[in-house]
Amino acid sequence: MKKDIILAGVGGQGILSIAAIIGYAAIESGLYLKQAEVHGMSQRGGDVQSHLRLSSEPIASDLIPYGKADLIISVEPMESLRYLPYLSQTGWLVTNSKPFVNMTNYPNPDDIMKELQQIPNSIVLDAEEIATEAGSIKSANMVILGAASPFLDIAYDNIEKAIHAVFGKKGEDVVAINLVALQSGRNIAEQSIKRP
Amino acid sequence: MRTLLLLGDEAIAQAGIDAGMSGVYAYPGTPSTEITEYVRSSKEAHELGIVAKWCANEKTAAETALGMSYAGKRTMTCMKHVGLNVAADPFINSALTGTNGGLLFVVADDPSMHSSQNEQDSRFFGKFALLPILEPSNQQEAYDMVFEGFDLSERYKVPVMIRITTRLAHSRSGVVRKTSRKQNKLRLPESPLQFVLLPAVARKKYNTLLNTIGSFETEALSSPFNSFKDGHDKSMGIIACGLAYNYLMENYPDRNPPFPVLKICQYPAPAELFRDIHDHCESILVLEEGFPMIEELLKGLLASGKKIRGRLDGTIPRAGELNPTIVAEALGFPRQTITPIPSLVVPRPPSLCKGCPHIDSFLGLNEAIESYGKGRVFSDIGCYTLAALPPYESIYSCVDMGASITMAKGAADAGLKPAVAVIGDSTFTHSGITGLLDAVNDHSTITVIILDNATTAMTGGQPSAALNRIEAICKGVGVEENHIRVMKPLRKQHEYNTQILKEELEYDGVSVIIARRECIQTLNKRMREKFKDKTKS
């Protein structure tokens, strides 16, 4: 088993908590892991990415080569497109559709959607809206993670376990909301996979 | 032994705790910050009584570490590459004094300048100081090399450099811990003159160091971190240093390249190490994260020998960090078919946070200085450097820690009036105070704006060295009391603040304006913690 994942977003959107949960679940599943993060200046509202690599064999590089990523998980639509050179020809792209606009020259969101529609294997969803239905807009990350979960090759139980471990300190309510958000995202992905 | 999932930085910190380190001293700087952060927040380190301190700058940190080594205990000092420039004096001279307790200089380079003003290869600094260097290729080696580094340091009584780069510093992987070692007992140096670099002593010490280089080389020859693996295809031999080794192996899923491979992670690397691969291969490819150090050595000044490929002949780009794709192309693998970035994707540069006090300071300064014209504001290293970009476009320099004040003074001496320096509170205490003293002594006509957000913000909110003491310092340095002004950068204070700035811009002498409001990030963090405590009780 080998999964190379690019996590993308804007500094402060919390892509590292997605990474932490996948990481925890991967370790639970007995996999090797390498995860390169961006710290420092870019965290001030700039574009940020994380290379997350999981494998049943030891991993060499901390960075994913171009054209080799199995999955792009993005919490922002334009940011998901920034990392297309990493995506393998058979890889999947899972992204939030809600733009994060902190600049004056942000492109027309309709044009971004048109670009996303051209990607053969993609799941685009309004994570904020689904998260709000699940109980808290803050769980948008977990909606995205849920939508990406069918492509991770990690038992769904282990992802749920990781949510318990990572959010446990914040109380049972927070865990419950995040679990619902995760499931909602997963349901959408499963429907999309069925009718391509 | 327990396996931990650690960043490269954290692996070094945990290893320090496990290897019997008694103290770590540093000034924050990406990508080195997390080493000291980790020790400071480690319960274990706290129970073991390990001292973990943020210092005024890298020089004071390195000297404090040297003092702890003098007293016989193991210690490390951590910095980013440009921090070693600041600590160069104690670094180079500690090679001559030597050490008593083990001493590590952990230096994190930032090739591709993700969060830095230049890219340096600190291996050159290590070579310059004639010291051993360890360059881990992965998180486990980073951990193991702290033990090895302390051993080397105590065996030869010299400081040892551990050199890492951004991708290892900030990448997480499993690390297996070793059995813990006890800290050293307090023990003074055997010779009372060991640390006295009077010329007569220093000459002897220098000779001792020169005579030890051979031993450092012998260590590198037998080091488990340097290894050679033969290959049947002798058309090319590959030398991979540090992290570059991973990028090489990434291109061979069975981890078995057909070419002979020499992995170098410990220096100084003597000629014997390269003899075999050089003599038996038709050409050599050198993969280094940083400058072409080994490549230059192998090539020689006249490049008259064997074909050596790397950064110097364009096989690999001269600037920037390596990655597996660059290495794949150097190895001659065909390019992957890739989907290009759609043209509508635009860069998203970092920006000042919503509610950041610097925004209000720069809006005030822009208005106050408008009538004088552009190009009069020198700045420094911190979040506020982002004010060079739209929509503010307020500052015209960012060179090194503290350079805002001294450059403004130089420009004022040349006749520029007003000449303004904008510097953060932490940068001011790092390297700004001495420059301010120069300006006071010369009655320079400069206006210094100290953006006091009560923290070291860019690196994640470490404590500021002179919290609530900025006015006292300025006064102590000799700035006239009625030209030390304090303002609160808030939208509603804009007119008042602009007026203060205008008044001081007109003043013929040194004036200091302290723009004081807490960083919005640390404020939010403090509020969240307060709320958490409240809900608990």
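Laboratory data are not the source of any read-out in this text; all were calculated from the coordinates shown. Please read these numbers as outputs of a predicted model, since none were measured by experiment. Virtual Cβ from ideal backbone geometry, glycine too; neighbours counted across all protein chains shown.
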Starting from the Cα of B:Val196, step 7 Å along the direction of its Cβ; do the same at B:Val51; then give the gap between the two resulting points in nm.
-> 2.4 nm
Among rounded, prolate and oblate, which fits the stretch B:223-282 when a ≥ b ≥ c are the square roots of the eigenvalues of its C-alpha gyration tensor, a/c under 1.5 means rounded, and a/b larger than b/c means prolate?
-> oblate
Local charge sum around A:Asn108 (other residues, Cβ-Cβ under 12 Å, Lys/Arg +1, Asp/Glu -1)?
-> -2
Please work out the Cα center distance from the stretch B:44-121 to the stretch B:421-487, rounded to the nearest Å.
-> 25 Å
State the Cα centre-to-centre distance between the stretch B:248-327 and the stretch B:175-231 in whole Å.
-> 27 Å
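With only Lys, Arg, Asp and Glu charged, each at its Cβ (+1 for the first two, -1 for the last two), find how big the charge dipole of the stretch B:227-330 is about the Cα centre; round to the nearest 20 debye. Present the calculation step by step, with values, prior to reporting the outcome.
On the way: 11 positive and 15 negative charges, 31 e Å.
The calculated dipole for the stretch B:227-330 is roughly 140 debye.
Can you tell me what share of the DSSP beta bridges in the protein assembly as shown is antiparallel? A percent to the nearest 5 is fine.
Working: 28 of 93 bridges.
Counting DSSP beta bridges with both partners in the protein assembly as shown, the antiparallel share is about 30 percent.
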Chain A: antiparallel DSSP beta bridges as a percent of all, rounded to 5 | 50 percent
Mind listing the long-range amide H neighbours of B:Gln462? Cut-off is under 5 Å, sequence gap 5 or more, other chains count too, H placed in the peptide plane at 1.01 Å from N.
-> B:Thr456
Cα centre as origin, Lys/Arg/Asp/Glu Cβ charges: the stretch B:3-220 dipole, Debye | 660 debye
Using alpha-carbon coordinates alone, the radius of gyration and Dmax of the stretch B:85-170 in Å work out to 12.9, 37
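Quick one: divide the alpha-carbon radius of gyration of chain A by 2.2 N^0.38 Å and tell me what you get. Walk me through the numbers on the way to the answer.
On the way: Rg = 15.6 Å, N = 196, 2.2 N^0.38 = 16.3 Å.
For chain A, the normalised Cα radius of gyration is 0.96.
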What's the Cα-based Rg to Rh of chain B, Rh via Kirkwood?
-> 1.01
Per-residue ³J(HN,Hα) for the stretch B:14-22, Karplus 6.51 cos²θ - 1.76 cosθ + 1.60, θ = phi - 60°, Hz, x for Gly and Pro = 4, 5, x, 4, 6, 8, x, 6, 9
Whole-Hz Karplus couplings 3J(HN,Hα) for the stretch B:315-320, θ = phi - 60° and coefficients 6.51, -1.76, 1.60, Gly and Pro as x, run 4, 10, x, 5, 10, x
Using only C-alpha atoms and all pairs of different ones, pull out the Kirkwood radius for the stretch B:1-46 in Å with one decimal.
-> 10.9 Å
Roughly what % of DSSP beta bridges within chain B run antiparallel, to the nearest 5?
-> 15 percent
B:Phe228 versus B:Lys127: modelled label distance in nm, points set 7 Å from Cα along the beta carbon direction = 2.1 nm
Got the relative contact order for the stretch B:227-330 handy, in percent, Cα pairs under 8 Å and 6 or more residues apart?
-> 31 percent
Under-5 Å amide H pairs with A:Ser122, H placed in peptide plane, nonlocal only | A:Leu93
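First obtain the Kirkwood hydrodynamic radius of the stretch B:227-330 from its Cα pairs, then insert it into the Stokes-Einstein equation at 37 °C and 0.692 mPa s, and state the resulting D in µm² per second as a whole number.
Numbers: Rh = 13.6 Å.
For the chosen part, D equals 241 µm²/s.
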Zero-based 10 Å bins, Cα pair distances in the stretch B:357-523, whole percents | 12, 46, 38, 5, 0
So what's the stretch B:3-220 giving for Cα Rg divided by 2.2 N^0.38 Å, two decimals?
-> 0.94
What are the trypsin sites (Lys or Arg not before Pro) within the stretch B:177-242 that DSSP puts in a loop, where the Cβ has at most 12 other Cβ atoms within 10 Å?
-> B:Lys182, B:Lys185, B:Arg187
Picking from A:Ser88, A:Ser97, A:Ser74, which is most flexible by a Gaussian network model of chain A using Cα springs under 10 Å?
-> A:Ser88
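If you take the Cα atoms of the protein assembly as shown, find Rg, then find the Kirkwood Rh from the mean of 1/r over all pairs, what is Rg/Rh?
In the protein assembly as shown, Rg relative to Rh is 0.98.
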So what J values fall out for the stretch B:32-48 if you push phi through Karplus, 6.51 cos²θ - 1.76 cosθ + 1.60 with θ = phi - 60°, rounded to Hz, Gly and Pro as x?
-> 9, 3, 5, 5, 5, 3, 5, 5, 5, 9, 7, 5, 4, 4, 5, 5, 7
